[in-house]
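These notes concern the structure reproduced below.
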Amino acid sequence: MNAYFSNAITTLKEWIKIKSVKSPSENGAPFGLGVFAMLEKALADAKSLGFEINNYDGYVGEVVFGSGEDSKGLAILCHLDVVPEGDLSLWDYSPYSAEEKDGYLYGRGVVDDKGAAALCLFALKELKDEGFIPSKKIKLIFGCDEESGWGCIDHYNKVAVMPQLGFSPDGDFPVIYAEKGIYHIKYTFPISNRVQNIAGGDRINVVCDKCFVKIDNEEIVFNGVSAHGSTPELGDNAIKKALKALVDKNLFSEQAYEHLFNGRLFEKFSDESGKLTFSPNVIKKVGDCVEILVDVRYPVNYKLEEVNAPLKKIGEFEIEEHKAPLYADKNGALVKTLNAVYEKHTGEKAVSQVTGGGTYARALKTGVAFGPVFDGGAVCHVPNERMKISDLEKCYYIYKDAIKELSK
């Protein structure tokens, strides 16, 4: 086993053990102490490898290799924050123990996105030790708020200069050239005062796997299966089950329920990037109403005003967040170079992809997502997040070669 890859895995295990889930800001840690500790650890590790590092006020950090004008450099955009672990009873191992079993490495962040961050760091180290001199400045950027609101990228753009070209190792292989628009919204609906409480969901971009309801002093728990918000069809939404039970008891609007879950309002929204997805992932009772946070992913060729029309038929809503779609040139140099690297290391034909997920590639003028997930080889945003160690090793060589080809 390559010594650099071996050291990357050892470092990754240390990183997984840090619970870097976003929490309230405190003591100069804008995204909470856990995320701050993870950023400091990653930057300290990079410094120990001989790299220049920058910590931008705890919001985001970077590892610098080479010289040149920042805007004309190469960005590798990773993130160190992770989604919450969810129901611990569904994990075979502690999500922060970094267990190895049957050729897999388990742990929150191994796929999304600490694994790729560690691999890219040590790929840079091996290139540096080999005497490779990049033709441009390479910035390995460690974001800290990717899963929640991108406050890290907003801050970076205020205090530093983002390269125009790059990739985010936070998706699937081969190249993802198009990402749906991401639209997070909040609806408010009335609910019967017999419902004393209802609460479910940890994150707007994760399908709710548990919803608690209290009716006339009786507490009921509805269980589902979590999934990434971009692929709600892979999950089983506990909020849907809870609201259906309330509709059956005439405690919640049947029309609101139907609009939220039958999908008929969005049937025409489809293009090469797929269909519009609409996933109510967080719910809570506020006064005599329920607030429901919905994750909407809309196809790349639709405008926001087109999407708003059916959304308004459900009811008035507040905008929590919006990220416009990403659409890169499938025949451009970036996509061709990365696909060629993929083909070299896998022996497989690279067919560029589209996704409903959202990556930091959107922060670049010319950017794409590139790995680390091979078809069927990993799971994330759910219990037992894991990845084959052999796939991590394959990723390592792909990323090392990709960085070299894009900066030689």
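Just so you know, all these numbers are worked out from the coordinates, no wet-lab data involved. Only a predicted model underlies this, so the values are computations on that prediction, with no experimental measurement involved. Here Cβ is always computed from backbone atoms with ideal geometry, including for glycine, and neighbour counts include all displayed protein chains.
How far, in degrees from 0 to 90, does helix 33-48 lean away from the longest principal axis of the Cα atoms of the chain, to the nearest 10?
10 degrees
By how many degrees, between 0 and 90 and to the nearest 10, does the Cα long axis of helix 333-346 differ from the longest principal axis of the chain?
Computed tilt is about 80 degrees.
Where both partners of a DSSP beta bridge lie in segment 1-112, what percent of those bridges are antiparallel, to the nearest 5?
On the way: 8 of 9 bridges.
Antiparallel bridges make up about 90 percent of those DSSP assigns within segment 1-112.
Expressed as a rounded percentage, what relative contact order does segment 182-323 have, with Cα pairs under 8 Å and six or more residues apart? Don't jump to the answer; show the numbers that get you there.
Working: 310 pairs, mean separation 48.7, N = 142.
Relative contact order, segment 182-323: 34 percent.
Give the angle, between 0 and 90 degrees and rounded to the nearest 10, that separates the Cα long axis of helix 114-129 from the longest principal axis of the Cα atoms of the chain.
Compared with the principal axis, the helix lies near 10 degrees.
Please order Phe189, Phe5, Phe142 by the number of other Cβ within 10 Å, starting at the fewest. Don't skip to the end; give the middle numbers.
Details: Phe189 19, Phe5 22, Phe142 28.
Fewest to most other Cβ atoms nearby, the residues stand as Phe189, Phe5, Phe142.
Compare the peptides 163-173, 250-260, 131-141, 31-41 by average per-residue count of other Cβ atoms within 10 angstrom and give them in order, highest first. Walk me through the numbers before you get to the answer.
Details: 163-173: 24.6, 250-260: 17.0, 131-141: 19.0, 31-41: 21.7.
Ranked by mean Cβ neighbours within 10 Å, highest first: 163-173, 31-41, 131-141, 250-260.
From Cα pairs below 8 angstrom and at least 6 apart in sequence, can you work out the relative contact order of segment 167-248, rounded to a whole percent? List each step's numbers first, then the result.
Details: 112 pairs, mean separation 17.0, N = 82.
With pairs under 8 Å counted, the relative contact order is 21 percent.
Let me know the whole percent of all Cα-Cα pairs from the chain that are separated by more than 31 Å.
On the way: 31845 of 83028 pairs.
Cα-Cα pairs of the chain separated by over 31 Å account for 38 percent.
Pulled fully out, how much extra length does the chain show between Ala160 and Lys285, if you take 0.36 nm times their separation in residues and subtract their Cα-Cα distance?
Details: separation 125, 0.36 × 125 = 45.00 nm, distance 4.10 nm.
Gain on extension, Ala160 to Lys285, equals 40.9 nm.
Can you give me the Cα centroid spacing of segment 80-147 and segment 1-60 in angstrom?
If we compute the Cα centre of each part, the gap is 10 Å.
Given Cβ point charges of +1 (Lys, Arg) and -1 (Asp, Glu) and nothing else, what value in debye, to the nearest 20, does the dipole of the chain about its Cα centre take?
Numbers: 48 positive and 59 negative charges, 120 e Å.
So the dipole magnitude of the chain works out to roughly 580 debye.
Evaluate the relative contact order of the chain (contact order divided by residue number), counting alpha-carbon pairs under 8 angstrom at least 6 apart; express in whole percent. Mind dumping the intermediate values first?
Working: 954 pairs, mean separation 92.6, N = 408.
Answer for the chain is 23 percent.
Can you give me the Cα centroid spacing of segment 204-267 and segment 383-408 in angstrom?
Rounded to whole Å, the Cα centres lie 37 Å apart.
Can you tell me the dipole magnitude for segment 182-323 around its Cα centre, using point charges on the Cβ only (Lys, Arg +1; Asp, Glu -1), in Debye to the nearest 20? Walk me through the numbers before you get to the answer.
Working: 19 positive and 22 negative charges, 18 e Å.
In debye, rounded to 20, segment 182-323 gives about 80.
Using helices alone, I'd like the mean residue ellipticity at 222 nm for the chain: each DSSP H run of four-plus residues gives -39500 (n - 2.57), total over residue count, nearest 500.
-9000 deg cm²/dmol
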